[in-house]
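Beneath this line is the structure, given in structure tokens, with notes to follow.
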Amino acid sequence: AIEGVRNVPVKSLKDHLDALPSNKEATIVCICRSGNRSLEAAHFLQQQGYEHIINLEGGTSGWKNMGFPVARQIQRVR
């Protein structure tokens, strides 16, 4: 996982909008392993009125392949 990331599974995203910034102008980066589920999450958040959504192309796999740091512990929202 990428350090500092809050893990909100896309299937439960609508139930955990309170875990996201209340400021709809805040930048939110959506990340998943490959970039596909996060694209779904990004689209959903845009529908909720968030204005600055980024989908990390290539997901965490791409992040790791580029040599960026990863953390062993993640903050999971259930």
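Output the number of residues of the range 25-53 satisfying the condition of being open to solvent by less than 80 Å² (accessible area, probe 1.4 Å) and touching a residue at least 24 places away in the same chain (Cβ under 8 Å).
Count: 16.
In the range 54-66, how many are open to solvent by less than 70 Å² (accessible area, probe 1.4 Å) and within 15 Å of residue 20 (Cα to Cα)?
Final tally of qualifying residues: 0.
Can you say whether residue 77 is over 14 Å from residue 3 (Cβ atoms), surrounded by 12 or more Cβ atoms within 10 Å (Cβ to Cβ), at pLDDT below 85 and not charged (D, E, K, R), as far as the supplied structure shows?
yes
Return yes when residue 54 is outside any helix (DSSP H, G or I) and in contact with a strand residue (DSSP E or B) (Cβ under 6 Å, 6 or more places away or on another chain) and no when it is not. Spell out how you get there, then give the answer.
Working: outside any helix (DSSP H, G or I): yes; in contact with a strand residue (DSSP E or B) (Cβ under 6 Å, 6 or more places away or on another chain): yes.
Answer is yes for this residue.
Would you point out the residue of the range 10-24, among those that are in a loop (DSSP other than H, G, I, E, B) and touching a residue at least 12 places away in the same chain (Cβ under 8 Å), that is least open to solvent (accessible area, probe 1.4 Å)?
Only one residue tops the list, namely 20.
Going by the structure shown, is residue 3 open to solvent by 50 Å² or more (accessible area, probe 1.4 Å), touching a Pro at 6+ places or on another chain (Cβ under 8 Å) and at pLDDT below 90?
It is true that residue 3 is open to solvent by 50 Å² or more (accessible area, probe 1.4 Å), touching a Pro at 6+ places or on another chain (Cβ under 8 Å) and at pLDDT below 90.
Select from the range 8-37 the residues that are modelled with pLDDT of 90 or more and hydroxyl-bearing (Ser, Thr, Tyr) and write down the one among them that is nearest to the chain's Cα centre (by Cα).
Here the answer is 27.
The values are calculated or read from the model by the stated rules, or taken from the named source; none is laboratory data. For clarity, every value in this text was computed on a predicted model and none was experimentally measured. Ideal geometry is used to build each Cβ from the backbone, glycine not excepted, and the neighbour counts take in all protein chains shown. The accessibility values were calculated without ligands, DNA or RNA, using every heavy atom of the protein model including side chains. Shrake-Rupley method; radii C 1.70, N 1.55, O 1.52, S 1.80 Å.
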